[in-house]
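Report on the following structure.
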Amino acid sequence: MKPQRGKILVAALAVLAAAALTGCSGTKSAASNASAVSSAVSQSDSWPSVDPSVLALESHITLKKTVTTKQFTLSVPQEWSVSQEGDASSSTAQYVLFDKKSDDMYGGGVMKQEWKAQKGEKKIELPALLQWMLPNHTSISETERLPGFSMDAYLLKVEQEVPAADSQWNGTHWTYIVFVDSKNSDASKFTAYELFFNADFASEADTVKVAQSFKLT
């Protein structure tokens, strides 16, 4: 039996709201997230590169609906239901959620996050930054570079392991594409845009195709 859409969206909003409150406010430092950061041991210079144009060729979706916010635009299939959450006037709190009108599946969304070094805190390395941006109870199983975008882009395969009490989310597989913009050469401030999709909702190829339509406004 599929979870009801309303319950899934409520659970999704709770997870994302927690990430927004801790991640975007600047109060969640690398030090306070040490356990998660320690799992990001891969060196970014060893990550393989994958041509996004080749990946997108395997997608069978048609992008007919344009989504516009104060921060970005992107295109999605007509049958996807789109809702915007958070403060539309904020530069960090707003995010977009996707699902399908014909299904009870929570699909994914887009979210902006910012990281800034706090007083006495050193710069953050890219593997740790990517792990820091994710919600709690998640881990990155695979990371690939995606060349050809205006910002540095990374494809992440993410596993979500939520406590058994929230069984609707156990063992969920997610595909993330993260656009990272470093504000200065010493990597003391980053802005990142996360496109994240339930692997049962959108394939890796579909995720890449949507990401190719992403533009800052």
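Each reported figure results from applying straightforward, stated rules to the coordinates on display, with no laboratory input. Not measured: the values here are computed from a predicted model. No Cβ is skipped: glycine too gets one built from the backbone with ideal geometry, and neighbour counts run over all protein chains shown.
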* SER141, SER213 arranged by Cβ crowding within 10 Å, fewest neighbours leading -> SER141, SER213
* Structure fact -> Rounded to one decimal in nm, the spacing of the 7 Å Cα→Cβ label points at SER213 and SER49 is 2.7 nm
* Structure fact -> For the THR69, SER139 Cβ pair and Förster radius 22 Å, calculated FRET efficiency rounded to 0.05 is 0.15
* Asked: Taking K and R as +1 and D and E as -1, what net charge do the other residues with C-beta under 12 Å from the C-beta of ALA153 add up to?
  -> -4
